[in-house]
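J.: Below you'll find the structure I mean.
The values are calculated or read from the model by the stated rules, or taken from the named source; none is laboratory data. Worth saying up front: this structure is predicted, and the values here are computed from it rather than measured. Because the Cβ atoms are built from the backbone with ideal geometry, glycine has one as well, and the counts that use them run over all protein chains shown. The area values use the complete protein model at the heavy-atom level, side chains included, leaving out ligands, DNA and RNA. Shrake-Rupley method; radii C 1.70, N 1.55, O 1.52, S 1.80 Å.
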Amino acid sequence: MLLKIRHALLEITNQPNAKQSAVIINNEIIITSAGILQTYVRPMLPFVADDSNENVCASTKIIRKLQQCKLIDIQSGDTEESRFLLSLNFQVMFDHRKLPQTSMQYVHTGRVDYILKRYRAKLLYIFSSEEISRNFHKLSNHKGLTEDAITEHNEVLLTSFLILSTHPEKLNPPERFQRSLEHIAHYLRYQYSVRALDDVLIMCTPFGMENFYKTVSIGKISNVLGHGNDSLFVLSNILPGCEGSAVFNNKLRLIGLIIRTSFQCDQGRIDMTLVANFAYLLRDFMKQLGIKITSFTLPREPSDFAWERSLVIIEAAGKQGTGTFVKVQNKKFILTCSHVVFEVSSKVQCRNMNGAFKSEVLWRNPHYGTAFDVALLSIPQNIPDHHCVRLAQTKPCLGQRVYNAGFPCFVNFNLKYDFNPSIFQGRVIRFTPAVIMSDGCVQAGQSGGPMFNEHGNMMGICVSNIKVDETVYPNFNSAVPVISIRSILEDYAQTDDIRILNNLVANQDVQKLWSLANSSISKL
C-alpha cells in the first residue's frame with residue numbers, strides 16, 4: 001500500500017520563531033522532531049524529575065512525561081502542559097506544482113516552478129520513543145556530548161516527536177485517525193534492516209531557509225547504534241541543519257527522521273547526522289495510543305565488505321584509538337598510529353569484535369606527529385586469516401573512492417558488548433609519497449584506523465584532521481600512504497628483524513611533504 005510522503009517546512013510563529021523540516025503524509029499527518037521546541041520548552045533550573053511535586057512550570061511537566069515515555073495529548077486542553085503547547089502557533093509550508101502557461105515557456109525556462117503554500121497546523125500529540133531515547137542516552141552519556149546548562153532537557157526533546165495535522169477535523173472521530181495510522185503501519189509492515197554503507201537520500205530545507213526548500217542530499221549510513229537493533233543510525237556526507245527531514249533508502253522508502261546534525265563534545269564540535277528509525281518511532285507512538293502494530297524485518301544477504309572484523313579498539317594511557325589486523329607475507333600484526341600508543345612502553349589494552357586482549361607494542365615511530373606516524377602491535381594467535389586485511393599494491397588516484405573506518409564517539413571501552421565501528425565514504429583529494437588526503441569524515445578516536453579502497457584493501461592509516469586557525473575540519477584529513485611503507489613492512493615480515501622498521505622514520509624530503517611546507521617558487 002502506497003503512501004503520499006512529501007517534504008514540508010514547519011514553522012512556529014511565536015517569537016522567537018523557529019523553522020524546521022518535516023514530513024507530511026497523505027497531506028494530513030505531519031511528523032517532525034520535537035527539537036523545534038527547544039526555544040519554548042525550557043524548565044526552570046534546577047530541574048528535578050520528581051513526580052510528587054506538582055508546583056512546577058508547564059515545561060517541567062512536559063519534560064517529565066517525555067522522560068517517562070508518556071504520551072502527551074494536546075487536543076483536550078485540560079492540562080497545564082496541553083494549554084501551554086496549544087498557545088504555540090504552527091504553520092506548515094509545502095509546494096504545489098505550477099505548470100508553465102505554454103510549452104514555449106517551459107522550453108525557455110527549462111524548469112517547472114513550485115509555489116510554497118502556507119497552511120495552519122494543529123499540534124495533536126508529543127511522544128518519546130523508549131528505544132530511541134535509551135540508545136541516544138547511552139551515546140551522550142559516555143561521550144560527553146554537551147549543549148549548555150539545560151542539555152538534559154534538550155536531549156529529551158531530541159528523542160521526542162511531534163504529530164500535527166493540517167485538517168484535524170478530518171481525523172475525528174478517533175477511529176479515523178487510527179485508520180490513518182494503520183495505513184502508515186501497513187506501509188512499514190515489511191522492512192529491511194539498515195546497515196553501514198547503505199545509500200540514503202534526504203529531502204530537506206537546511207536551517208529552515210525557504211530559499212533552500214526541497215534540497216536533496218545524498219549520503220551513506222556510517223553506523224547503526226544499539227545492541228541488537230537499529231533504532232538509531234548515523235549518516236555521512238549530509239548537509240547540516242536538516243533536523244526533521246525524511247531519510248529514504250535506495251528504494252525510496254521512508255526509513256528515518258533526522259534528529260541532529262552536529263554536537264559539542266569534550267574534544268570539540270562533532271559533525272554527525274543522527275537519525276531515528278521511522279519504524280521504531282511509529283511503533284512506539286501507536287503502542288502509547290493502544291494500537292497494535294505488527295512488522296517483519298526481512299533478511300538481507302551478508303555484505304561482501306566485512307570490514308568490522310578487521311578493526312581493533314586500542315586504549316593506551318587513557319586515550320583511545322583504532323588499529324587494523326593486517327597480514328603481510330605470512331606475518332600478522334596490528335597497524336596503528338604512533339601517537340595512539342606513544343605514552344606506553346610495553347602493552348596496551350585492545351578489543352576486537354570477539355573480545356578484549358592485551359597487545360605488545362612491537363615498534364613505534366619515535367617522532368610521532370610527523371610523517372609516517374606508524375606503530376606495530378602484536379596480534380593474538382587465535383585471530384583467523386580472514387580477519388586480516390591485505391595492503392593495497394597501487395598508488396591512490398585523485399577522485400578515487402575511499403572508506404575511513406574506526407571508532408569515533410560511539411564506543412565505551414568499559415562496556416563488554418559495545419563494539420560499534422563506523423565507516424565514512426570519501427574521495428582522495430591529494431596524494432604525495434608522504435600523505436593521502438581525503439574528504440571522508442574522520443573524528444576523534446579514529447586515529448590509527450584504516451583507509452580502505454573499494455576492494456577492501458588497506459590503502460592508508462588515518463592520522464588526523466586538518467586544523468587551520470584552531471578550527472578542525474573533519475572532512476579534510478590525512479593518512480599515511482601504505483604504498484610508501486609497504487616494502488619496509490614486507491622486509492620486516494620476511495626477516496622478522498625489528499630493526500628494519502627503523503627505516504619508517506621519514507627523511508627530510510618526506511617530512512616537508514607531510515608538513516605541507518610551501519614549495520620553492522622560481523622567479524621569472
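J.: Restricting attention to the range 184-218, and to residues there that are in a strand (DSSP E or B) and among the hydroxyl-bearing types (S, T, Y), which single residue is least open to solvent (accessible area, probe 1.4 Å)?
T.: Checked the range 184-218; the qualifying residue least open to solvent (accessible area, probe 1.4 Å) is S217.
J.: If you go through the range 154-170 one residue at a time, how many are open to solvent by less than 10 Å² (accessible area, probe 1.4 Å) and within 14 Å of N26 (Cβ to Cβ)?
T.: Total meeting the criteria: 3.
J.: Residue by residue through the range 153-201, note down the ones that are among the polar types (S, T, N, Q) and closer than 28 Å to S76 by Cβ. Reasoning before the result, please.
T.: Initially, the range 153-201 is screened for residues among the polar types (S, T, N, Q), giving 154, 159-160, 165-166, 172, 178, 180, 191, 193.
The answer is N154, T159, S160, S165, T166, N172, Q178, S180.
J.: Name the single residue that is nearest to V348 (Cα to Cα) among those in the range 401-421 being at pLDDT 90 or above and surrounded by 22 or more Cβ atoms within 10 Å (Cβ to Cβ).
T.: First, pick out the residues of the range 401-421 that are at pLDDT 90 or above: 401-406.
Okay, now just the ones that are also surrounded by 22 or more Cβ atoms within 10 Å (Cβ to Cβ), so 402-406.
Values: V402: 29, Y403: 26, N404: 23, A405: 20, G406: 17 Å.
Selected residue: G406.
J.: Moving to a separate point now. Scan the range 211-248 for residues that are more than 20 Å from I270 (Cα to Cα) and at pLDDT below 90 and jot them down. Steps first, answer last, please.
T.: Of all residues in the range 211-248, those more than 20 Å from I270 (Cα to Cα) come to 211-216, 227-231, 246-248.
Within the range 211-248, N211, H227, G228, N229, D230, S231 qualify.
J.: Additional query: Among the numbered criteria (1) modelled with pLDDT of 80 or more; (2) in a loop (DSSP other than H, G, I, E, B), which single criterion is violated by I258?
T.: Only one criterion is unmet by I258, namely (2).
J.: Out of everything in the range 357-369 that is farther than 15 Å from S447 by Cβ and in contact (Cβ under 8 Å) with a residue 60 or more places away in the chain, what residue ends up being most open to solvent (accessible area, probe 1.4 Å)?
T.: Ranking the qualifying residues of the range 357-369, first place goes to H367.
J.: Of the residues that sit in the range 145-180 and are among the aliphatic types (A, V, I, L, M) and modelled with pLDDT of 85 or more, which one is farthest from S128 (Cα to Cα)? Don't jump to the end; show me each part of the working.
T.: Initially, the range 145-180 is screened for residues among the aliphatic types (A, V, I, L, M), giving 145, 149-150, 156-158, 162-164, 171.
From what's left, modelled with pLDDT of 85 or more: 156-158, 162-164.
Details: V156: 8, L157: 8, L158: 9, L162: 9, I163: 11, L164: 15 Å.
The selected residue is L164.
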